[in-house]
Structures are given as C-alpha cells and as structure tokens.
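The values are calculated or read from the model by the stated rules, or taken from the named source; none is laboratory data. For clarity, every value in this text was computed on a predicted model and none was experimentally measured. Here the Cβ positions follow ideal geometry from the backbone for every residue, glycine too, while neighbour counts run over all protein chains shown. Remember, those area values only see protein heavy atoms, side chains included, never the ligands or the DNA or RNA. Shrake-Rupley method; radii C 1.70, N 1.55, O 1.52, S 1.80 Å.
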Amino acid sequence: MPEFFESRAGKQLLALIASALILWSVGYGWHIQIFNIFRSLSVPTIDILVLSVFIVGLASFVYSLLRIFDLRKEMQRQHEHARRAHWIATHDHLTRLPNRYAFEKFEILQAPSNDEAPRLPIATIFSIDLDGFKKVNDLVGHQGGDQLLREVSKRLAAFAAEGCVFRFGGDEFIVVARGLAPEKEERFASLIIHSVTRPIQVGMICCQVGASIGYARWPEHGDLPQDVCHKSDIALYEAKSKGANTSFLFHEDMQLKVSARAKLEGKLRDAIEAGRIKPFYQPLIDLRSGSVCGFEALARWTEEDGSIVSPQLFISIAEETGLITTLFQQLLKVACEDAKLWSDDIVLSFNLSPVQMEDRLLTSRILEILKAVGLSPARLEVEITENALIEDPDLAASIIDDLHNAGIQIALDDFGTGYSSLAQLARYKFDKIKIDKSFVTSLRNKGDRHEKIVQALLNLSRGLEIKTTVEGIEENSQLAYFLQHGCDIGQGYLFGKAMPASETVSFLESRDQMVHNTAAVSAHS
C-alpha cells in the first residue's frame, strides 16, 4: 500500500481527501446559512436532495475503492514484470546463472554479523574457460552442448555461495569465493578442474572437457570486482597458453606480457598493411641428383630498426587475431610472383596454418591468387600439419580433395609429431610426407631406438609410394644416412638457409654448376 500513495493515483486520492476536508471546514462555518436555505424548501424536495447526494457520494466512494484496488493490482503486475525483466537482463537463460551484467552490479563485500562492525574480507575471483568444448559441441550438436554447459554450471555452483557463480557467455564462467585463504586457492582451483573434467553423459555419448583457470584476489589486485576479474582473465590467458587443466594466480609480469603482446599486435597490423613481412625461401634438394627441386616459403618480419621478429611469435598472434588469412594471401601472392623467376620444374612449397583449415573458401582463395599471378597449380605444394586435421576432419578432407582436384600437391608436415599419424595417412591423400627435424637430431643423440623409428617411417612412406622430405639436415653424416636409406628430398642448413627472393636465382645457378662439376668429376673417375 505505501507504494500506491507514491503513485500518481495515490497522490490524487490524498489531494481529493484534503480538498474534501477543506470544503467540510468551510461548509461547517456556513452551515447555519446553508440549513436556512434547506428550511425554505419543502420537505419532499429536501428528502430527494439528501437521498441523491447520499447515493452519489456512496457510489463515488465505492468506485474510488474499486479504482484503488485495480491500481494496486496493476502496480503489483508492473512490479512483477519489472522484476522478471530484471532477472532476464541479469541471468543467462540457458544455465540460469547470473551473467556479465549481474557481475557488474555484484556486491563483493560480505554482510557483517550483528555483533561486529562492517569489514572487508578477502575474496578470490576465478575465471574459468572450458578446454575442448568446441569439439564436444561438434560431436553432440548444439543441444548436447547446451546440456553439457548446464551440467558444468551445476558442478560449479556447488563450489560457491548462491549468486557467486556467473556465466559470461560461451564456455566462460566466473566463480567468486569469499574468505578463501591464499594457501587454499590453488587447491580450490584444482578441485574445480577435477569436477569439471569428470565425464558427462550426453545422450548415448560420454563426453569430457578440460578447464583452464586464472584467478586474482580482491582487494589485492584491484579496488573493483571488474578490475580483479580483468586480472583473473589475464591469468587465464597464461594458463591456456600452458595447456589444458592448468591454473595460475595473477602476477604483474603477466600484465606486462599482455601489454607487450598488444603492442606487438598493433605493430603486426601495421606491418601487414605496409607489406613488411616477406617470404624467404629455403631450398629443397633432390637427394638423388643433388639439384634443387623446390623452395619452401618462410615468413620473415624485419622491423624498420632492423630487428627481427620470430615467426613463432607473430604467426601465433596472426592466428589468434584473425589476421592469418590476410597475411597468407599477401605472402602467397608475392611467393607465386617470385616462383615465376625459377624454372618450371621447381616447386613452391607453402605452409598452411591449422586455423586456415577451418576456412571453407581456402581452395578458392588459393586458386584466385594462382590465376591472378599466372602460376600453374602443379607448381604449388601446400604443407599441412597433422594437428590441422583433427579440428574438423570432414572439412579437412573436403579441402584436401579440392586442392588435389585443382592440381595442387599436398605434403603432410611434421610427420610423426602429431596425432594418429597412421590414421591420417589412411584417410587423406598426400603426395609427400615431411619427417620432422626432431627425428634427425635424435639419430645423433638418442641411439638405435630412434634410428629404428626413422627407418620405420621411411619404409612406411616407400610402402605407400609417397615421397619423403627430411627436415633439419645440418651435417654430412646425416645426409649420408638418409641417402643410404633412400630418402627423396632433403632440407636444412647443410644445403642453405632461408634467403630473400633476390638471392634464389644466383643460388640456383651456383647449385647447378656444383651438380655439373660433381657429375663431371664422377665421369672422369
């Protein structure tokens, strides 16, 4: 009822009552004169007048009461609609957990007891991201993925007080633990990971996801919950970079790393726009003839001050930021232009990022560049790592078939270091496999066991009638070993490092001269 009198109708009612009291007071002062007027009228007229006033007054009073009750019900309905709308705005409809907007309004302070003054307890904010959720979602469909998210939400809710578990969207969750001692935080994170990673039954399929966790403390790492949440996100990013099912407490050096990465990302965008990232070319040598049979294009970024940025660093940033497609197309176009300087029997080998294997337009993008430059598809060889095939095997198979049908050669890169190598060879059609340089190093450092593995890889490729390229040949003894065991192509510093396009022509000339001289010496001997 108090809220009614705060409304416009309530205020009007109060004004009406006040006006009636004022009129009554005025009328009371003039009641003698009024009654004299009534006495001058006949009795039947007075009876009718009094009865009419009574009936009108009673009807008005009843109408006012009904109006008050209707307005009160309407206010209750509006209040319920507002409460429902607020709930919808502050909660995730799938998991029914509070959302990001609710977290912005979240009171992290703990209510004091009756016998104590207000206090500011330590609270820890845990940022949680599910590892491998996309694969599970692809496996069981969106409805199955929704069921998995609901189950994860229930498990997380068991670790915190009501209203202290949030879903920020996708597979990202926040858990706020009040009064958690610092020495127990790591244990708390481990329990969350253990709970989340337990198998979840989705229909007839038993699914399993991982969890990466970053956490930060309030008020140690920020004055506002949003600030602390940002720090826990930074720690989460660090945890994800170290692999699944790991957790990290925020440290200031993480902030410095993120800032440096953001700065490098800005530089990368500028470098791509200015075309400062160039393809360099490392020779591929036919081990039987000794001649150059191809060049592998490798991205090299030299800044304006002459410093070199590691490809491992800027390629990963390009993949994460979505710049990889633009960079790939830019480098491939330049590399195809450079390849026209070589003879038609020399192949251009170009690496594909695992991220690009999720692009359904990949083949058309490549063919468009080849057509624009005027390079035959038969002179292009694309290298695909095993890890690039596991995200979406069906799409990968479709892309590989399209590339093959266009006349482009396919090489399986880093063979033996990824997942299910034999399964990949059985499912996909490859023209060449590249044995990773780690196997070359192992011949010298690991002994007979690793030598048998290398021999098995070479025998496997021969049995499948697939050519082999061995990476990382740096010593003559290594070259002699792979010559002896029938490897087809060699690559490594022994033959030449990656070089700019301007040096490739002279390298080809000198290499042809060397092969010619070697053949002449052999003929005379």
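From the list 508, 479, 483, 494, which residue is open to solvent by 80 Å² or more (accessible area, probe 1.4 Å) and modelled with pLDDT of 85 or more?
Numbers: 508 fails: open to solvent by 80 Å² or more (accessible area, probe 1.4 Å); 479 fails: open to solvent by 80 Å² or more (accessible area, probe 1.4 Å); 494 fails: open to solvent by 80 Å² or more (accessible area, probe 1.4 Å).
Among 508, 479, 483, 494, only 483 is open to solvent by 80 Å² or more (accessible area, probe 1.4 Å) and modelled with pLDDT of 85 or more.
Sort out which residues of the range 174-202 are in contact with a strand residue (DSSP E or B) (Cβ under 6 Å, 6 or more places away or on another chain) and charged (D, E, K, R), and write them in order of number.
Selection gives 178, 185.
Out of the residues in the range 103-135 meeting the condition of being open to solvent by 20 Å² or more (accessible area, probe 1.4 Å) and of a type in the set (Gly, Ala, Ser), tell me which one is modelled with the lowest pLDDT.
Applying the filter and picking the extreme gives 111.
Okay, residues lined up against (1) under 44 Å from the mean Cα position of the chain (by Cα); (2) not β-branched (Val, Ile, Thr):
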position: 463; (1), (2): yes, yes
position: 467; (1), (2): yes, yes
position: 475; (1), (2): yes, yes
position: 479; (1), (2): yes, yes
position: 492; (1), (2): yes, yes
position: 509; (1), (2): no, yes
position: 512; (1), (2): no, yes
position: 515; (1), (2): no, no
position: 518; (1), (2): no, no
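Quick one: how many residues across the range 151-173 are outside any loop (DSSP other than H, G, I, E, B) and either out of contact with any strand residue (DSSP E or B) (no Cβ under 8 Å at 6 or more places or on another chain) or of a type in the set (Ser, Thr, Tyr) (or both)?
Residues flagged as outside any loop (DSSP other than H, G, I, E, B) and either out of contact with any strand residue (DSSP E or B) (no Cβ under 8 Å at 6 or more places or on another chain) or of a type in the set (Ser, Thr, Tyr) (or both) within the range 151-173 amount to 4.
Looking at the range 478-514, which of its residues are of a type in the set (Ser, Thr, Tyr) and in contact (Cβ under 8 Å) with a residue 24 or more places away in the chain?
Of everything in the range 478-514, those that are of a type in the set (Ser, Thr, Tyr) and in contact (Cβ under 8 Å) with a residue 24 or more places away in the chain turn out to be 481, 504.
If only one of 263, 267, 242, 278 is basic (Lys, Arg) and modelled with pLDDT under 90, which one is it?
None of the others qualify; the one that does is 242.
Go through the range 281-308 and report how many residues are part of a strand (DSSP E or B) and either touching a residue at least 40 places away in the same chain (Cβ under 8 Å) or closer than 19 Å to residue 332 by Cβ (or both). Don't jump to the end; show me each part of the working.
Initial filter on the range 281-308 (part of a strand (DSSP E or B)): 281-286, 292-302, 308.
Then drop every residue that is not either touching a residue at least 40 places away in the same chain (Cβ under 8 Å) or closer than 19 Å to residue 332 by Cβ (or both), which leaves 281-286, 292-301.
Qualifying residue count, the range 281-308: 16.
Go through the residues of the range 340-361 one by one and say whether even a single one is in a helix (DSSP H, G or I), touching a Pro at 6+ places or on another chain (Cβ under 8 Å) and open to solvent by 10 Å² or more (accessible area, probe 1.4 Å).
no
Return the residues of the range 240-257 that are free of Cβ contacts under 8 Å to residues at least 60 places away in the same chain and under 20 Å from residue 196 (Cα atoms); say none if nothing qualifies.
241, 242, 243, 246, 248
Do you know which of the residues in the range 226-253 that are farther than 26 Å from residue 99 by Cβ and not hydroxyl-bearing (Ser, Thr, Tyr) is surrounded by the most Cβ atoms within 10 Å (Cβ to Cβ)?
251
Which one is most open to solvent (accessible area, probe 1.4 Å) among residues in the range 364-406 that are in contact with a helix residue (DSSP H, G or I) (Cβ under 8 Å, 6 or more places away or on another chain) and among the basic types (Lys, Arg)?
We begin by selecting, within the range 364-406, every residue in contact with a helix residue (DSSP H, G or I) (Cβ under 8 Å, 6 or more places away or on another chain); these are 365-367, 369-370, 372-373, 375-377, 379-380, 382, 384-389, 391-393, 395-397, 399, 402-403, 406.
Next cut, among the basic types (Lys, Arg) only: 365, 379.
Working: 365: 69, 379: 24 Å².
The extreme case among them is 365.
Could you please give the count of residues in the range 160-170 that are at pLDDT below 90 and either surrounded by fewer than 19 Cβ atoms within 10 Å (Cβ to Cβ) or charged (D, E, K, R) (or both)?
5
Could you tell me which of the residues 200, 205, 234 is among the hydrophobic types (A, V, I, L, M, F, W, C) and in contact (Cβ under 8 Å) with a residue 60 or more places away in the chain?
Criteria check complete, one pass: 205.
Find the residue count for the range 174-190, including only residues that are among the aliphatic types (A, V, I, L, M), closer than 22 Å to residue 103 by Cβ and not in a strand (DSSP E or B).
So the count comes out to 2.
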